[in-house]
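Peer 1: There's a structure below that I have some questions on.
The values are calculated or read from the model by the stated rules, or taken from the named source; none is laboratory data. These figures come from a predicted structure and were not determined experimentally. Glycine gets a Cβ as well: all are built from the backbone with ideal geometry, and neighbour counts include every protein chain shown. For the accessible areas, the whole protein counts, side chains as well, though only heavy atoms, and no ligand, DNA or RNA atoms are used. Shrake-Rupley method; radii C 1.70, N 1.55, O 1.52, S 1.80 Å.
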Amino acid sequence: MLNQFKDNIAHIILTLFLILILSHFIFFLSLVKNFTSNNSAFNSIDSIVVLTGDKFRISKGMEILSNGTGERLLLSGVNKNIKLTNIQNQFPKYKKFFDCCVDIESISTNTFENSRETFLWLKKNKYNSVLVVSSDYHMPRTKLEFERFLNTENIYYQPVNSNNDVSSLGKIKKLFLEYVKYMRTYISLAVGLQ
C-alpha cells in the first residue's frame, strides 16, 4: 500500500513537472510569435549586426542597410573558412554596400560571443545604437544575451521569419532546442552567472 502511494505521488509530481515544462514552452512560443521590430526607430539606428546561421538573415540585413538604415553592418559569427568575397558573391545586388559598409567577424561561435563581439565592434566604431537581425525563433535568447552588454534603450531587433525554412517536424525540433538554450541562458542570468 505504501509503495503504491509512493508510485502515485511520483506520477503526480512527474505529471505536474511535464505540465510546467509544456506550459513554459508554450509561453516561449508566444514570445517568438509576438516578437516584433520597432520599425519607427529605424531612422535613429547607426549600425546593424546580423547573427549568421539561417540563410535569410544576411539577406534581410543587407536589405535594411540598402534602405538607408545604419552606416555599417557587421556579420557576426561567420565561419572562419568563409571570406567576405564568398558572401558578397551570394548577394551581387548589394555589391556597393559590401565594398564600403560591411564587416565580418569570425570569433563568435555562439550567441553570447555574438553579443560580446558586437559590443566591442560598436565601441571601436563609436556607434550608439544597433539593429540586431536574427531568426524569429532565436530572438528571445538573443535579447537576453545582448542585454548583458548593451544599454537596452539602444538595441533594436529585426526578427527574420523562419517558417518556410524547414518541415513541421524540423521546426518543432528547432524550436525545442532553442527553448532549451533560452532556458539555460535565462537561468544563468537569474542566478548571476555572467
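Peer 1: Using the per-residue mean of other Cβ atoms lying within 10 Å as a proxy for protection, in what order, highest first, do the peptides 65-77, 144-156, 127-139, 49-61 fall? Each step should come with its number before you reach the end.
Peer 2: Working: 65-77: 19.5, 144-156: 16.2, 127-139: 23.3, 49-61: 21.5.
Listed from highest to lowest mean packing, they are 127-139, 49-61, 65-77, 144-156.
Peer 1: Name the residue from L16, N128, N67 whose Cα lies farthest towards the positive end of the charge dipole of the chain, charges +1 on Cβ of Lys and Arg and -1 on Cβ of Asp and Glu.
Peer 2: The residue sitting most towards the positive pole is N67.
Peer 1: What angle do you read, to the nearest 10 degrees and between 0 and 90, between the alpha-carbon axis of helix 2-34 and the longest principal axis of the chain?
Peer 2: Relative to the chain, helix 2-34 is tipped by roughly 20 degrees.
Peer 1: Between D99 and Y186, what's the calculated FRET efficiency when r is the beta-carbon distance and R0 is 35 Å? Round to 0.05.
Peer 2: Working: r = 40 Å, r/R0 = 1.15.
So, using R0 = 35 Å, E works out to roughly 0.30.
Peer 1: If the reach is capped at under 27 angstrom between alpha carbons, list the lysines near K33, excluding any in the same chain fewer than eight residues apart.
Peer 2: K33 reaches K55, K60, K143, K171, K173, K174, K181.
Peer 1: Kindly express, to the nearest 10 degrees and within the range 0 to 90, the angle between helix 139-149's C-alpha long axis and the longest C-alpha principal axis of the chain.
Peer 2: That helix lies at roughly 70 degrees to the long axis.
Peer 1: If you don't mind, another one. Rounded to the nearest 0.05, what FRET efficiency do N67 and L29 have when you use their Cβ-Cβ distance and R0 = 35 Å? Could you put the intermediate results ahead of the total?
Peer 2: Numbers: r = 30 Å, r/R0 = 0.86.
After rounding, the FRET efficiency stands at 0.70.
Peer 1: At 1.4 Å probe size, with the rest of the protein present, what percent of the exposed accessible area of segment 1-134 is carbon and sulfur atoms?
Peer 2: Values: 4800 of 8150 Å².
Here carbon and sulfur together make up 59 percent of the probe-accessible area.
Peer 1: Against the longest alpha carbon principal axis of the chain, how many degrees, from 0 to 90 and to the nearest 10, is the axis of helix 168-190 turned?
Peer 2: 90
Peer 1: Mind running the shape call on segment 152-194? Use the C-alpha gyration tensor, a ≥ b ≥ c as the square roots of the eigenvalues: rounded below 1.5 for a/c, prolate if a/b tops b/c, oblate otherwise. Can you show the working numbers first?
Peer 2: On the way: a/c = 5.86, a/b = 1.43, b/c = 4.10.
Oblate, since a/c reaches 1.5 and b/c is not below a/b.
Peer 1: Report the extension gain between T15 and F119 in nm, rounded to one decimal, defined as 0.36 nm multiplied by the number of residues separating them, less their alpha carbon distance. Write down the numbers at each step before the final one.
Peer 2: Values: separation 104, 0.36 × 104 = 37.44 nm, distance 4.27 nm.
Extending this stretch completely gives an extra 33.2 nm.
Peer 1: Where a ≥ b ≥ c are the square roots of the eigenvalues of the C-alpha gyration tensor, would you call segment 38-194 rounded, which needs a/c under 1.5, or, failing that, prolate if a/b is larger than b/c, or oblate?
Peer 2: Values: a/c = 1.60, a/b = 1.21, b/c = 1.32.
Taking the square roots of the gyration eigenvalues as a ≥ b ≥ c, segment 38-194 is oblate.
Peer 1: Still on this structure, please answer the following. Quick one: dipole size for the chain, taken about the Cα centre, charges +1 on Lys/Arg Cβ and -1 on Asp/Glu Cβ, in debye to the nearest 20. Intermediate results must be reported in sequence, preceding the final value.
Peer 2: Numbers: 23 positive and 16 negative charges, 63 e Å.
Using only the charged Cβ atoms, the result is roughly 300 debye.
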